[in-house]
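For reference, the structure is listed below as structure tokens.
The values are calculated or read from the model by the stated rules, or taken from the named source; none is laboratory data. Quantities reported herein were computed from a predicted structural model and do not represent experimental measurements. Glycine gets a Cβ as well: all are built from the backbone with ideal geometry, and neighbour counts include every protein chain shown. The protein model used for the area step is the full one, side chains on, heavy atoms only, and it has no ligands, DNA or RNA in it. Shrake-Rupley method; radii C 1.70, N 1.55, O 1.52, S 1.80 Å.
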Amino acid sequence: MRILVTGGAGFIGSAATAALAAAGHDVLVLDSLRPDVHGARSRHAGSPHPALPDGVPLVHADVRDGDAVRGALAGCDAVVHLAAKVGLGVGIGDIDDYVSSNDLGTAVLLRAAADAGSRPPHVVYASSMVVYGEGAYACDEHGPTSPPPRSETDLAEGVFDPRCAACGRVLRPGLVGEDAPADPRNVYADTKAHGERLLASWTRATGATATALRFHNVYGPGMPRDTPYAGVASIFRSEAEHGRAPKVFEDGGQRRDLVHVDDVARAVVAAVEQPQAAGRVEAFNIGSGTVTTIGEVARLVAALLDAPAPVVTGEWRAGDVRHVTASSAKARTVLGWHARTSLAEGLAQLVA
Ligand code: UD1
């Protein structure tokens, strides 16, 4: 298949591009090499690009540039749309850049894909587990519930777990499934959820196929470092490499599912090769299936680098969710995909 990967020079993008090329596909990358993500690498605008396998052409353009996207899409059977501004952001001042990069970027891509003729390409969209907000919980008294955002008062008092809206009891976290309603809690999450909505409207209008992969916390070699887009494993690595103790927010008990970038790249290949029903978006949670806590990630990274033990600071970030872990059973059943890399193995690679 001929496949366009937007954001293909990025962290997940370069791994996905390599996996698609290794699977025998004819791959082409469109990437703006935004300096706030790529730093000095943004100067490598020509082909070959150091992050890309030999022979993979790079179109140096922004996904909001309709003409460039239309040109790159010519003759493509599928597009993997990874170009996005990620992370929680530096502050509300990022709001317009998130909406422009993610919502408008997706809209321009979908319009160009619809223009591609009678058979629009299959779209694989990088969604996120953040679309679920707090995800699935249960109250001992009131059963399954979806809690509202945590209150500043609770956070200031060190009550980090969400409470039941009916009785105020602290809730028990569970695994969220794909049919859980979207309930985004920050601007980035809003844009990822809206991207899925746009995709749903686009598939209905075009009769095309689209798959949304709701990635969990992706980590591994090539992770952005020392940028606002660095995930927590990369931040902990930077601290530990400098002999400093990783700083763990809240009480370190926040639960996440860290999934290795090579496993995510294999999920992209599976989603490209197996389009689902036409006229709708099929969503899959893409996690390792192993729930861990941020405190545990900090301990593992510090130990691997012989750094001081992590410090639990009790600070919190506005817009952060407490626990998000999902069931990735559907991806296993439908796509035949499951993660292979254990956290211990993956973190050892990250610090190597
Ligand atoms: C991450 C991704 C996001 C992706 C989502 C879903 C980044 C920056 N964000 O969001 O793009 O959509 O996963 O997979 O990669 N923390 C600390 N100490 C620190 C920094 C963070 O304790 O120095 C804590 C945070 O409070 C949070 C957890 O680590 O509880 C994870 O933070 P982060 O890596 O930023 O990821 P998410 O917000 O989960």
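Some points to look at:
- Cα gyration tensor, region 136-188 - rounded (a/c under 1.5), prolate or oblate: oblate
- Linear extension gain, residue 154 paired with residue 138, 0.36 nm per residue minus alpha-carbon span: 3.9 nm
- Peptides 189-202, 134-147 ranked from most to least packed by the mean count of surrounding Cβ atoms within 10 Å: 189-202, 134-147.
- With a simple spin-label model that places each label point 7 Å from the Cα along the Cα-to-Cβ direction, the separation between residue 352 and residue 309 comes to 2.9 nm.
- The chain, dipole about Cα centre (Lys/Arg Cβ +1, Asp/Glu Cβ -1), debye to the nearest 20: 500
- Only helices enter this figure: runs of n ≥ 4 DSSP H residues, each worth -39500 (n - 2.57), summed and divided by the residues of the chain, yield -8500 deg cm²/dmol at 222 nm to the nearest 500.
- Between helix 294-304 and the chain: long-axis angle, C-alpha atoms, 0 to 90°, nearest 10: 80
- A protection proxy built from the mean count of other Cβ atoms within 10 Å ranks the segments 51-61, 311-321, most packed first, as 51-61, 311-321.
- Å² per residue, accessible surface of region 87-200 at 1.4 Å: 46
- Crossing angle, helix 232-241 versus the chain [Cα axis fit, 0-90 degrees, rounded to tens]: 70
- Rolling a 1.4 angstrom probe over region 89-144 with all protein chains present gives an accessible area of which 55% lies on carbon and sulfur atoms.
- For peptides 227-238, 75-86, sequence by mean Cβ density within 10 Å, most packed first: 75-86, 227-238
- Distance between region 315-352 and region 239-299 - C-alpha centres, whole angstrom: 3
- In the chain, the C-alpha radius of gyration followed by the widest Cα-Cα span (Dmax) gives 19.9, 60 angstrom.
- Anisotropy class of region 95-143 from Cα gyration tensor, a/c 1.5 cut: oblate
- The chain, relative contact order [Cα under 8 Å, separation at least 6], %: 18
- Projection of the Cα convex hull of region 147-289, averaged over all directions and equal to a quarter of that hull's surface, yields 11.1 nm².
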